[in-house]
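Here the structure is laid out as structure tokens; the discussion comes afterwards.
The values are calculated or read from the model by the stated rules, or taken from the named source; none is laboratory data. Values in this document were obtained by computation on a predicted structure and should not be read as measured data. Using ideal geometry, Cβ is built from the backbone for each residue, glycine included, and neighbour counts are taken over all protein chains shown.
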Amino acid sequence: MKRLNILFVLTCLFFCSVRTQGQIALQYTDTTTCPGQTIQMCAALTGQADNNNSDDYYGNVLDIGFPFVFFGKTYTKCLASGNGMITFDTTEANQFAGWQWSQVSVPNGNGITQANNSIFVTFLDLNLGVSGMVRYQRFGSPGSRRFIVEWCNVPVFGCSSLIVTSQLILYEGSNIIECHTTKIPPIVGNCPTASPSYYGQVVQGVRNELGTIAYYPANRDPVASPTNWGRIGVNNDGMRFTPNGPSTYLMDPIPFNAWVIIDSVSSQDLKWFAEGQPNLPIVTGPCATVTIDRDITYYTVSFNGNAGCEMDSVSYTDTVFIHLGTAYDTTEVEICAGQTYNWFGRDLFKAGNYDTVLVTNQGCDSMLRLKLIVNPLPDVTTKGSPNVQICEGSSTVLALANPSQSTTYQWYKDNSPLPGETGAQLTVSQAGSYKVEATTSKGCTATSDVFTLVVNPNPVAGIEPLPDEVICAFDTLEIKAVPGASYDYRWTPEKPFRTVSGAEGQVVRGQFLEPTVVTLTVYNQYGCYDSASTLVQTKPCCQVFVPNAFSPNNDALNDYFKPELQPGQILLSMQVFDRYGKLVYNNSNIKKGWDGKYEDGTEADPGVYMYFIKYTCADGKLYEKKESVSLLR
């Protein structure tokens, strides 16, 4: 493809197929000078952004021509990728530019995440190496300049018959971004695209420096369904991204209004005329040098020829106005974003230089220049949710996400200032509406969104009184909480309740080995809680009950003789003797006890027998007991 070294852009008031008037992209549309001075008027020149027309590469560093604020940071340079996007990360100049979304979302070989800090106009896999061009334009007067990048008739990779044309416009002062898409044909079939696994996936949107914040119109995002506009195709589409704070953009569809680029300024299609001589050009070509005449207040330039990506035949006329002045004085004024300044009947709000000529009867008299500086508002982006809930007796911290040391703050509660609360964060414990007013060192003020703090009531924990008597160690005790609406109940320590009822619920049952402080914690529906405690008193109960008679007649009633142990008591040994002192039982089958028989199986006669037992208790001591028992048949 032939490389064009000089191009120049003009803009139409209407799209070329329907509009009959346009605006030629002049370096300026008015100027202040005096009679006899020589000035040069030029149409703005256009450069070709891709220096080698290679596929999947960023071009050279482009000078935007004015400071442009993107996600709160100011840039003056950018790069254009052949794949329908620009980035403000100029370290990628003349480097590989990803063509799939997975490639622009991961670190490159240098460890830098590609395609963050970027504007996606029609991001997909385009093949600039086959045909088409990427070109850019800077024009306009200070304070209202524009920077344009255009992808002109670039084919889709692998589907060269599918041609894409789109344009990006950056506006000075307002920092507005416009994307105008002349055409995207429906992309179907096996054409590599911006997002793996989806054909026809064309991305449009903006993404910040870290890749943490992005805005994409519906069905133009990196993960859109098959309804993505790349599958459907689009003609003459416009989308505007308007900054709404340092990290937020508003997205609005707008009428298609792309600028028409003239790519042959050397063809002598530009002609310049002086006031009063509409049919006699003073010069032909991109520039005109003239000596100012007191009687000439403007010059016109016209274009008649082929322009734009489709090389349509168009006719445009534009005007350069001449203001006369001799004395020169500059006034510098600073205002805050959102304010206006009245300068000789004009309400101005964009930063820049504004000239006013004061004319006397003698003509060229004096010229006053206003240098208007527009200072940004402070960043009052809040941190966390605006709706905050806490419990009675607790507090929380309200804060700004991006505080600045050069900014002063004043917090308000229910629209009343809080004395002494002048930091970027505030600790609060009372219900109400809170906001913070921030003021920069330039006196620009902004107020944050409102935090609404709700203080929820705490529940009341209570334990019903325990029985007065001290329970025996290892006994089971039932404990009840005083009931409350929608309460959850948790008891600690968990161990006494674990094998009985569990440690949750209004009523629990536990087995206690020793004196224990039991704590109840109740939670209400807001997550607020309260606690109460009680002491469970225990004592070792070491008296063991031994029956004084048994009847081993196999009737399943009192067939065995043994002690009845209490919790915490452990039987160590048991011996039984007859009245002659003969040992008849000695720890045999101690779990069942004595069955009324001698060791050889002979049944013992009815009568009185002596027993001797040893056992331990919950206090860990050894106990012995000797008594008699009657055997009945």
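Check every one of the strands (runs of 3 or more DSSP E) wholly within segment 211-270 and list those with 2 or more residues that are farther than 29 Å from residue 43 by Cα and within 24 Å of the chain's Cα centre (by Cα).
Details: elements: 234-243, 249-254, 259-262.
The qualifying strands (runs of 3 or more DSSP E) are 249-254.
Return the only residue of 576, 608 being more than 30 Å from residue 474 (Cβ to Cβ), not in a loop (DSSP other than H, G, I, E, B) and not charged (D, E, K, R).
Exactly one residue qualifies, and that residue is 608.
If you take the residues of segment 616-631 that are in contact (Cβ under 8 Å) with a residue 40 or more places away in the chain and either among the small types (Gly, Ala, Ser) or assigned to a loop (DSSP other than H, G, I, E, B) (or both), which of them is farthest from residue 562 (Cα to Cα)?
Looking only at segment 616-631, we keep the residues that are in contact (Cβ under 8 Å) with a residue 40 or more places away in the chain, and these are 616-619, 621-623, 625, 627-631.
Then keep just the ones that are either among the small types (Gly, Ala, Ser) or assigned to a loop (DSSP other than H, G, I, E, B) (or both); that gives 617-619, 621, 628, 630.
Numbers: 617: 17, 618: 20, 619: 22, 621: 20, 628: 12, 630: 12 Å.
Per the criteria, the residue is 619.
Which count do you get for residues in segment 253-310 that are out of contact with any strand residue (DSSP E or B) (no Cβ under 9 Å at 6 or more places or on another chain) and surrounded by 20 or more Cβ atoms within 10 Å (Cβ to Cβ)?
Of segment 253-310, the ones out of contact with any strand residue (DSSP E or B) (no Cβ under 9 Å at 6 or more places or on another chain) are 266, 276-277, 295.
Now narrow it down to the ones that are surrounded by 20 or more Cβ atoms within 10 Å (Cβ to Cβ): none.
Looking only at that region, the number is 0.
Can you tell me how many residues within segment 520-567 are surrounded by 15 or more Cβ atoms within 10 Å (Cβ to Cβ), without any contact (Cβ under 8 Å) to a residue 60 or more places away in the chain and in a strand (DSSP E or B)?
The number of residues fulfilling the criteria is 1.
Please go through (1) closer than 24 Å to residue 621 by Cα; (2) loosely packed, with under 13 Cβ neighbours inside 10 Å for residue 517 and return the number of the only condition it doesn't satisfy.
Unmet for residue 517, out of (1) closer than 24 Å to residue 621 by Cα; (2) loosely packed, with under 13 Cβ neighbours inside 10 Å: (1).
Would you mind listing the strands (runs of 3 or more DSSP E) fully within segment 31-77 where at least 1 residues are within 27 Å of residue 321 (Cβ to Cβ), modelled with pLDDT of 80 or more and not acidic (Asp, Glu)?
Where strands (runs of 3 or more DSSP E) fall fully within segment 31-77 and carry at least 1 residues being within 27 Å of residue 321 (Cβ to Cβ), modelled with pLDDT of 80 or more and not acidic (Asp, Glu), they are 38-42, 62-70.
For the condition crowded, with 19+ Cβ neighbours inside 10 Å and touching a residue at least 24 places away in the same chain (Cβ under 8 Å), what is the one hit in 481, 485? Steps first, answer last, please.
Details: 485 fails: crowded, with 19+ Cβ neighbours inside 10 Å.
Checking each option against the conditions leaves just 481.
Can residue 203 be described as within 23 Å of the chain's Cα centre (by Cα) and at pLDDT below 95?
Numbers: within 23 Å of the chain's Cα centre (by Cα): yes; at pLDDT below 95: yes.
So residue 203 fits the description; yes.
If I ask for residues that are of a type in the set (S, T, N, Q) and over 20 Å from residue 83 (Cα atoms), which ones from segment 227-245 would you list?
Let us first name the residues in segment 227-245 that are of a type in the set (S, T, N, Q), namely 227-228, 235-236, 242, 244.
Across segment 227-245, the qualifying residues are 227, 242, 244.
Just to be sure before I move on: is residue 167 closer than 19 Å to residue 257 by Cβ, touching a residue at least 40 places away in the same chain (Cβ under 8 Å), under 29 Å from the mean Cα position of the chain (by Cα) and buried (at least 24 other Cβ atoms within 10 Å of the Cβ) in the structure I sent? Steps first, please.
Values: closer than 19 Å to residue 257 by Cβ: yes; touching a residue at least 40 places away in the same chain (Cβ under 8 Å): yes; under 29 Å from the mean Cα position of the chain (by Cα): yes; buried (at least 24 other Cβ atoms within 10 Å of the Cβ): yes.
The answer is yes for residue 167.
Residue check: is residue 156 on the phi < 0 side of the Ramachandran plot, of a type in the set (A, V, I, L, M), in the same structural domain as residue 57 (by TED's automatic domain parsing) and in contact with a Leu (Cβ under 6 Å, 6 or more places away or on another chain)?
Numbers: on the phi < 0 side of the Ramachandran plot: yes; of a type in the set (A, V, I, L, M): yes; in the same structural domain as residue 57 (by TED's automatic domain parsing): yes; in contact with a Leu (Cβ under 6 Å, 6 or more places away or on another chain): yes.
Yes: the conditions hold for residue 156.
Within segment 492-507, take every residue that is closer than 15 Å to residue 517 by Cα and out of contact with any helix residue (DSSP H, G or I) (no Cβ under 6 Å at 6 or more places or on another chain) and give me the one that is surrounded by the most Cβ atoms within 10 Å (Cβ to Cβ). Show your work before the answer.
At the first step, the residues of segment 492-507 found to be closer than 15 Å to residue 517 by Cα are 492-497, 503.
Keeping just the survivors that are out of contact with any helix residue (DSSP H, G or I) (no Cβ under 6 Å at 6 or more places or on another chain) gives 492-497.
Numbers: 492: 15, 493: 13, 494: 12, 495: 13, 496: 24, 497: 21.
The residue in question is 496.
Hey, any hits in segment 434-441 for a residue that's exposed (fewer than 15 other Cβ atoms within 10 Å of the Cβ) and over 25 Å from residue 526 (Cβ atoms)? Quick ask: steps written out before the conclusion?
Start the filter on segment 434-441 by keeping residues that are exposed (fewer than 15 other Cβ atoms within 10 Å of the Cβ), which leaves 441.
Of the ones still in play, those that are also over 25 Å from residue 526 (Cβ atoms) are 441.
Yes, there is a match, as at least one residue in segment 434-441 is exposed (fewer than 15 other Cβ atoms within 10 Å of the Cβ) and over 25 Å from residue 526 (Cβ atoms).
Can you list the strands (runs of 3 or more DSSP E) lying wholly within segment 414-467 that have 3 or more residues being touching a residue at least 24 places away in the same chain (Cβ under 8 Å), farther than 21 Å from residue 375 by Cα and out of contact with any Pro (no Cβ under 7 Å at 6 or more places or on another chain)?
Working: elements: 425-428, 432-439, 445-447, 451-456.
The qualifying strands (runs of 3 or more DSSP E) are 425-428, 451-456.
Does residue 393 count as small (Gly, Ala, Ser) and buried (at least 16 other Cβ atoms within 10 Å of the Cβ)?
Values: small (Gly, Ala, Ser): yes; buried (at least 16 other Cβ atoms within 10 Å of the Cβ): no.
The answer is no for residue 393.
Hey, can you tell me all the residues within segment 107-150 that are assigned to a loop (DSSP other than H, G, I, E, B), under 19 Å from residue 206 (Cβ atoms) and at pLDDT below 85?
Within segment 107-150, 112, 114, 115 meet the criteria.
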